[in-house]
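The values are calculated or read from the model by the stated rules, or taken from the named source; none is laboratory data. Fair warning: this is a prediction, and the values are worked out from it, not measured in the lab. FYI the Cβ positions are ideal-geometry reconstructions off the backbone, even for glycines, and counts take in every protein chain you see. Side chains are part of the model used for accessible areas, which takes the heavy atoms of the whole protein and leaves out ligands, DNA and RNA. Shrake-Rupley method; radii C 1.70, N 1.55, O 1.52, S 1.80 Å.
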Amino acid sequence: MNVKRGSTTFLKVIIFLAGIAVLALCIWLPEIAVRDARVHPDTAYFLIPFLVCAYGFCITFSVALYQAFKLLTYIEKNNAFSELSLKSLKVIKKCAFTVIFLILLGIVSLMVLAKITGDDAAGPISLSLMGILVTSTVATFVSVLQKPIKNFLEKNEIKM
């Protein structure tokens, strides 16, 4: 097993484990929502926006993980500079922007809930902003990766 194959296999295992964690979160979310509704029945109606954002995040994140897995497969097969890789990167970038939108939607929902209950939402909001920072970093990194692939494909298209 060469180094490149070992590295991609390691990354595939990490992606698979992240996928399992997302699946576990999806299974655990309804239990959290029901428990919270019992504790705070006056704000139970805010669980629907929370669950929509959470499941939207999980689905989007799962799609991005799948595309990253496919991208690693292309790299293993020496197809890193191909239309398929470029397509996977585009989907990952769209997923990153969707995650940012869902986090912003969650922040707005949390701010409204904090205004109604009088609680302080600074902690969850600051964690959400850190999530936006990480996700925007991923989107930027994907954009940087897209440029050399586009240039390579355009140069090879002209030569043919």
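The figures follow:
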| read-out | value |
| --- | --- |
| Which listed pairs, of LYS94/LYS155; LYS12/LYS147; LYS70/LYS93; LYS70/LYS155, have C-alpha distances above 19 Å, in listed order | LYS94/LYS155; LYS12/LYS147; LYS70/LYS155 |
| Dipole of the stretch 15-139 [Lys/Arg +1, Asp/Glu -1 at C-beta], most positive-end residue of LEU29, PHE50, TYR66 | TYR66 |
| For the stretch 1-94: rounded, prolate or oblate by the Cα gyration tensor [a/c cutoff 1.5] | oblate |
| LYS94 accessible area, assembled protein chains, probe 1.4 Å, Å² | 140 |
| Whole-Hz couplings from phi, Karplus 6.51/-1.76/1.60, listed for the stretch 122-132; x for Gly and Pro | 5, x, x, 5, 5, 5, 5, 5, 5, x, 5 |
| Cα gyration tensor category, rounded, prolate or oblate, for the chain with a/c compared to 1.5 | prolate |
| Positive-end extreme of charge dipole, the chain - chosen from SER7, ILE92, SER126 (charges on Cβ) | SER7 |
| Point-charge dipole on Cβ atoms (K/R +1, D/E -1) for the stretch 41-160, about Cα centre, debye to 20 | 680 |
